[in-house]
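Enquirer: Got a structure for you, written out below as structure tokens; questions coming shortly.
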Amino acid sequence: MSSNFSGDETAPFFGFLGAAAALVFSCMGAAYGTTKSGVGVASMGVMRPELVMKSIVPVVMAGLLGIHGLIIAVIISTGINPKAKSYYLFDGYAHLSSGLACGLAGLSAGMAIGIVGDAGVRANAQQPKLFVGMILISSLPKLWLYMDSLLASSCLHELASHDQTREMAICLFAKFSCIPVSSLCLRKKKEKKKKENWIFRLC
């Protein structure tokens, strides 16, 4: 080991293990959720092909789960530099726990979105009024993942020496967490404009 190394020699192992756990488990959840809900969309599209694009929302929601693990993994890996800053076992354990929290939360959220999405798109083909309920149920696991990822990132911010890493993480989480909300808001605005135009034509 180099003489410039400061801290515990085994600590980076736990840090990089946390980064790998965050990325791997989150991608596993994203893959399972995309596959499970995609199978439901494919089987539903045989009888109701006009609802395929409308029912693809759970597939997109499940696919975005891997981004949270990627963000946490980047934050952890950038914080491991024993030659520039002392890296002790406390830092390694903190990075490991943060990575496991984010990764396992992403895995469970992907499983939940996949199962709910598979059953939801099949039920939506028979009863279109269930679409809003399916979206809300699929959004709840992702909401808990947002909270868990923010909690993990806040633990990492206490160890980080630069405020730029914190600002980057907050901006990325805010950006991707606002995607489902903004899409629903835009849809409501378009429906409102269509109703106003229809009333104006009648007048």
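Enquirer: Do we find that Leu104 is at pLDDT 85 or above, open to solvent by 40 Å² or more (accessible area, probe 1.4 Å) and within 12 Å of the chain's Cα centre (by Cα) in this structure?
Expert: So Leu104 fits the description; yes.
Enquirer: Conditions: (1) open to solvent by 20 Å² or more (accessible area, probe 1.4 Å); (2) closer than 24 Å to Thr10 by Cβ; (3) among the β-branched types (Val, Ile, Thr). Val59 meets all but one. Number of the miss?
Expert: So Val59 meets the others, but not (2).
Enquirer: Looking only at segment 24-56, which residues are open to solvent by 40 Å² or more (accessible area, probe 1.4 Å) and farther than 15 Å from Ala109 by Cα?
Expert: The answer is Val39, Ala42, Ser43, Val46, Met47, Arg48, Pro49, Glu50, Val52, Met53, Lys54, Ile56.
Enquirer: Another question about this same structure. Every residue in segment 107-143 that is within 21 Å of Val52 (Cβ to Cβ), of a type in the set (D, E, K, R) and at pLDDT below 80, please.
Expert: Of everything in segment 107-143, nothing turns out to be within 21 Å of Val52 (Cβ to Cβ), of a type in the set (D, E, K, R) and at pLDDT below 80.
Enquirer: Something else about it: Any idea which of Leu172, Leu156, Leu89 is on the phi < 0 side of the Ramachandran plot and modelled with pLDDT under 55?
Expert: Working: Leu156 fails: modelled with pLDDT under 55; Leu89 fails: modelled with pLDDT under 55.
Going through Leu172, Leu156, Leu89 in turn, just one is on the phi < 0 side of the Ramachandran plot and modelled with pLDDT under 55: Leu172.
Enquirer: How about segment 68-91: which of its residues are touching a Leu at 6+ places or on another chain (Cβ under 8 Å) and assigned to a helix (DSSP H, G or I)?
Expert: Matches in segment 68-91: His68, Gly69, Leu70, Ile71, Ile72, Ala73, Ile75, Ile76, Asp91.
Enquirer: Of the residues Asp8, Asp118, which single one is out of contact with any Phe, Trp or Tyr (no Cβ under 7 Å at 6 or more places or on another chain) and among the acidic types (Asp, Glu)? Step through it out loud before you land on a result.
Expert: On the way: Asp8 fails: out of contact with any Phe, Trp or Tyr (no Cβ under 7 Å at 6 or more places or on another chain).
So the residue among Asp8, Asp118 that is out of contact with any Phe, Trp or Tyr (no Cβ under 7 Å at 6 or more places or on another chain) and among the acidic types (Asp, Glu) is Asp118.
Enquirer: Hey, another quick one. So is Met111 surrounded by fewer than 17 Cβ atoms within 10 Å (Cβ to Cβ) and not basic (Lys, Arg) or not?
Expert: Details: surrounded by fewer than 17 Cβ atoms within 10 Å (Cβ to Cβ): no; not basic (Lys, Arg): yes.
Considered against the rule, which asks whether it is surrounded by fewer than 17 Cβ atoms within 10 Å (Cβ to Cβ) and not basic (Lys, Arg), Met111 comes out as no.
The values are calculated or read from the model by the stated rules, or taken from the named source; none is laboratory data. Computed from a predicted structure; not experimentally measured. All Cβ positions, glycine included, derive from the backbone under ideal geometry; neighbour counts span all protein chains shown. Each accessible area value is taken on the protein alone, full model and side chains, heavy atoms only, with ligands, DNA and RNA left out. Shrake-Rupley method; radii C 1.70, N 1.55, O 1.52, S 1.80 Å.
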